[in-house]
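Reviewing the structure listed below.
FYI, it's all coordinate maths here, none of it is from the lab. Small disclaimer: the values here were computed from a predicted structure and weren't measured. Glycine also receives a Cβ, built like all others from the backbone with ideal geometry; neighbour counts cover every protein chain displayed.
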Amino acid sequence: MTLVPMIGFWVLALWGFAGPGCRRLVTLHLMLLPFGSLAVLPVAASGGLALTPAPMLGVLLCLRCAVSHGGLAGMARLAMAPRGMLLLAAYAVVALVATVFLPRIFAGAIVMPYRGEVLAPMPLAPSAQNLSQLAYLLTSILVAFAYARVLGRPAERQHALRALVLGGAVAVVTGLLDLATSVLLVAPLLEPFRTASYALHVTHTIMGTKRVVGLMSEAAAYGLLCVGYLSLLYFLRRALPDGWLRRRGVPALLVALLACVALSTSTAAYAALAVLGGAAVAEWGWRSAALKRRAPGRRGLAPEAWAAIGALSGLAAIFVILPHLLDPAAAILEATVVEKAASASFAERSAWTEVSWRAFLATGGLGLGVGSTRASTSVVGVFAATGVLGGCLYYGFLLRTMTRRALGGDPEARLLLGGVRWAWVAPFAGSLLTGISADFGPFLAFLFGVGAAVGDWRGEPRARAPGAATQSGRA
């Protein structure tokens, strides 16, 4: 039975790879992110490594992009452009060199291993985790390059946005199916999709309430997945054409994703959601104050404000009229957020970060290589893996992406870049709480690609002298 989803995945993957261009693979990549517990290859055939749909489709997307959309030459130009993705390409080189040499140079340093029956500090030694985690990181980097090439045309960008909507809908459906396992006999239908070799925490409860995990490995992974979709759809939706999808479909999906985040009962997801709320308020204020009155980015300011006021007023009314109705939710919130600092998991994750940070300092800032030590925050994960140089390159590229300008006067490009500047905040906040490695994941890879696709890395076109076009035409 477990072979059926695996075979189905490869049928879809081959269908996508054989299609014209990269549209099918873009759709599959953004749609199948919620299947984070499905191994698409037998564990025995992959050397114990759990290969899920997202990285495998990322590899296929990169291969398909290499034979179309300008091919490898186009990617090379993008990688060599100082205003393009040079910093990200340099980060990949540093990560590769660090992973090949540093685990051997600093062998014996006390680190926190990625895997083991008991996660406890142990001496560093080169392992298969170096190769697997490096492969994940390089895949994310190449996916960012692929999206930068694929999304160069407006039609391709609109297709990617619709695929993002589809992926958010799949995340909601998988979450509802998992929630239904507590009242309906649907658990056997989900088991064939839970074949990854790592630990799957799919039956945990909190105060008698099931923690919804969808088809991810645990509640935190599912909650942060929904926050990622929520953030990208909220901030990028204005680039969609005016119609039913933007006016009705996406807002309804945002509400459903918000409910799924709540059902995950994940502390990290709640924190990332709070950051997303702050970013949404700040972005609304920026659009209302900084943009010109008739700028496309000002669309929807009044409806958004009224929707927020209505939601807050409704919650306040419920709290006043039926105060005890919110007691179960308040108890769960207290258990997941207020009491989190005293929990064993919080102490364990704090120890991961402390051990990894000390190991990084012991190398004099050179790092230990990707996959050498496990942290619980992405900042320490990046610096511990790739050193000061790698960390500066990666965060420098992140800053470069957030400060890009749209090339030319394309309104859609400006709307997308405006969304990219805000959409990264919530996924990044989630990685600060749960990121164990230097891999930045598919959501940031997509945003990096969008930013490069519509950004100014080629330089603004030069204004030609009056009459130049006419003379050229006569020639």
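Below are the figures for this structure:
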read-out	value
Average Cα contact separation per residue, the stretch 1-130, under 8 Å, 6 or more apart, as relative contact order %	15
Expected-Rg normalisation [2.2 N^0.38 Å, Cα atoms] applied to the stretch 38-190	1.34
Residue-wise HN-Hα coupling along the stretch 8-13, computed from phi with Karplus coefficients 6.51, -1.76, 1.60 (Hz; x: Gly, Pro)	x, 4, 5, 5, 5, 5
Over the stretch 163-245, relative contact order from alpha-carbon pairs under 8 Å, at least 6 apart, %	31
Measure of compaction for the chain (Cα Rg per 2.2 N^0.38 Å)	1.01
Calculated from backbone phi, Karplus (6.51, -1.76, 1.60) coupling profile of the stretch 83-97 in Hz, x at Gly/Pro	8, x, 10, 4, 5, 5, 5, 5, 4, 5, 5, 4, 4, 5, 5
Built amide H within the under 5 Å cut-off of THR363, gap 5+	none
Whether the stretch 131-248 is rounded, prolate or oblate, judged on the alpha carbon gyration tensor where a/c under 1.5 counts as rounded	oblate
Net charge of neighbours whose Cβ lies under 15 Å from the Cβ of LEU88, counting Lys and Arg as +1 and Asp and Glu as -1	+4
Cα Rg over Rh - the stretch 3-127, Kirkwood	1.06
Long-range amide H partners of ILE206 with built H, under 5 Å	ARG211
Simple spin-label estimate for ALA76 and ALA199 in nanometres, 7 Å along Cα-Cβ	4.6
Ranking of THR373, THR52 by count of other Cβ atoms within 10 Å, fewest first	THR52, THR373
Sites ALA362 and LEU96, calculated FRET efficiency, Cβ-Cβ separation with R0 25 Å, nearest 0.05	0.70
For ILE110, distant residues with modelled amide H under 5 Å away	LEU124
For VAL165, net neighbour charge (Lys/Arg +1, Asp/Glu -1) across residues whose Cβ lies under 11 Å away	+3
Order of TRP424, TRP284 under a 10 Å beta carbon neighbour criterion, fewest first	TRP284, TRP424
Cβ-defined net charge surrounding TRP244, 14 Å radius [Lys, Arg +1; Asp, Glu -1]	+4
Least to most buried among CYS260, CYS226, CYS62 (fewest other Cβ within 10 Å first)	CYS62, CYS260, CYS226
